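Worksheet for the structure shown next.
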């Protein structure tokens with residue numbers, strides 16, 4: 001790497017990192033709980049001993065599967081990407097560079113999927129045994145293939161852009177690729193609910209009735225423009241309950257699982273919707289997209305520095321004709337970075353989710369329904385109410401049911417004070 005290219009990588013990483021920090025400081029709610037930190041509720045106040053034992057048993061049977069699968073995936077990715085023998089497996093892929101890059105991505109992703117497939121099967125067997133899955137094995141396999149295809153298309157597109165920029169702009173490619181990748185992140189957030197989500201679920205408007213009327217009234221009260229609330233046919237796959245907001249701009253949508261609509265009392269369903277409307281009101285999907293775009297620029301700048309260092313040792317460059325062996329290296333770096341950055345992403349997610357919880361309780365004025373909702377969500381998913389601290393810090397994207405219960409109790413006190 002030339003000194004000019006190295007400077008470009010440094011500047012790209014610095015600007016991306018600076019933008020991420022500024023956006024996180026300004027846009028993420030770092031103190032969303034009125035009155036300060038919460039002390040989680042007593043598990044016995046929400047769950048019976050039998051329910052707690054069942055959750056602990058389920059965790060003991062499934063957690064190790066996920067961790068071993070992750071370890072196997074990381075080990076295989078690192079061998080393929082960091083060892084000469086691993087990269088050599090990709091050196092003879094046929095076709096021009098853009099074909100070979102796609103083939104390399106497909107080979108990498110499918111190879112890792114096959115290695116971890118036994119763990120996916122083991123996990124699914126546990127989900128079936130505990131009644132969490134309603135999907136047949138053939139349907140599950142089809143969804144698995146669809147998911148793999150989506151990953152291959154998305155990763156291939158990102159790497160094609162990266163390599164094309166490196167081939168066109170030998171010195172400035174990190175800056176150009178970082179900018180283009182940031183735009184792609186924005187476009188991806190817009191297109192995801194329109195292109196990807198329909199591959200896995202069918203969506204219908206929430207039928208006319210008391211729930212729809214209450215939801216639209218709640219949206220108007222919160223100042224959120226909601227043309228339609230969609231219901232996903234999730235019950236054909238799972239018994240767990242969920243709702244979410246996705247998309248930005250014209251593709252934004254509020255989606256409820258059909259089993260949530262069918263199985264929950266209206267006051268609890270409204271608590272879920274109020275939570276999702278809070279995400280929409282605060283533009284949390286947009287915030288996440290902007291953070292993702294900045295983080296992508298930072299990552300590409302670092303990638304330029306890493307590849308530059310490797311090139312000095314004979315490791316190649318994205319601009320070289322023999323670029324294909326670098327594909328597993330880039331993918332291995334991404335796999336490692338995804339695990340290492342998980343605490344940052346999930347810490348931000350927990351803060352955002354907590355703010356949405358606060359707003360939901362305020363909007364409905366019903367902390368009791370909120371607590372019962374959290375209990376039902378935990379029971380339906382057999383969630384461990386007290387996961388190990390390190391595990392929740394590293395992998396937990398939402399507050400635990402016990403923390404959310406403590407928040408509801410705090411908010412009940414605040415609501416009572418406001419009424420006096």
Exercise. Note the angle between two axes, namely the Cα long axis of helix 266-281 and the longest principal axis of the Cα atoms of the chain, as a number of degrees from 0 to 90, rounded to the nearest 10.
Key: 40
Quiz item: Using helices alone, what [θ] at 222 nm do you get for the chain, with -39,500 (n - 2.57) per DSSP H run of 4 or more residues, divided over all residues and rounded to the nearest 500?
Solution: -24000 deg cm²/dmol
Quiz prompt | Evaluated at q = 0.19 Å⁻¹: base-10 log I(q)/I(0), Debye formula over Cα of the range 137-271 | solution = -1.10
Quiz item: log₁₀ I(q)/I(0) of the range 327-375 at q = 0.17, 0.26, 0.29 Å⁻¹, via Debye over equal Cα point scatterers, no solvent, to two decimals?
Solution: -0.63, -0.91, -0.98
Self-check item: Residues 136, 69 arranged by fewest to most Cβ contacts within 10 Å
Solution: 136, 69
Exercise. Relative to the longest principal axis of the C-alpha atoms of the chain, give the angle of the C-alpha long axis of helix 210-222, reported between 0 and 90° and rounded to the nearest 10°.
Key: 70
Quiz item: For the range 231-273, what are the per-bin percents of Cα-Cα distances with bins 10 Å wide, up to the bin holding the maximum?
Solution: 29, 50, 20, 1
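Expressed as a rounded percentage, what relative contact order does the range 269-420 have, with Cα pairs under 8 Å and six or more residues apart?
Relative contact order of the range 269-420: 31 percent.
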Exercise. Fewest Cβ neighbours within 10 Å first, please rank 208, 42 accordingly.
Key: 208, 42
Quiz item: Using only Cα atoms, what is the ratio of the radius of gyration of the range 76-174 to 2.2 N^0.38 Å?
Solution: 1.38
Quiz prompt | Degrees, to the nearest 10: 284-312 long Cα axis against longest axis of the chain | solution = 20
Exercise. Go ahead and set up a Gaussian network model of the chain, Cα springs under 10 Å, then flag whichever of 182, 406, 44 fluctuates most.
Key: 44
Quiz item: Given just the C-alpha atoms of the range 255-403, how large is their convex hull per residue in cubic angstrom?
Solution: 145
Quiz item: Based on the alpha carbon coordinates of the range 1-148, what radius of gyration and maximum Cα-Cα distance (Dmax) apply, in Å?
Solution: 23.1, 65
Quiz item: Do you know the relative contact order of the range 208-290, to the nearest whole percent, from alpha carbon pairs under 8 angstrom that are 6+ apart?
Solution: 32
Quiz item: Just the projected area, averaged over all directions, of the convex hull on the alpha carbon atoms of the chain: how many nm²?
Solution: 21.4
Self-check item: Per-q log10 I(q)/I(0), the range 327-420, q = 0.15, 0.23 Å⁻¹ (Debye; single scatterer per alpha-carbon; no solvent)
Solution: -0.68, -1.14
Quiz item: How many nm separate the modelled label positions at residue 139 and residue 386, each set 7 Å beyond the Cα in the direction of the Cβ?
Solution: 3.7
Self-check item: Efficiency of FRET between residue 129 and residue 306 - r from beta-carbon atoms, R0 51 angstrom, step 0.05
Solution: 0.70
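What number, in percent, do you get for the relative contact order of the chain if the mean sequence gap of Cα pairs under 8 Å and at least 6 apart is divided by its residue count?
30
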Quiz item: Which ordering of 84, 125 is given by a fewest-first count of other beta-carbon atoms within 10 Å?
Solution: 84, 125
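Rule-based calculations on the coordinates, nothing more; no lab input. Predicted model only: the values in this text are computed from it and were never measured. For neighbour counting, all protein chains shown are included, and Cβ atoms are generated from backbone atoms with ideal geometry for every residue, glycine included.
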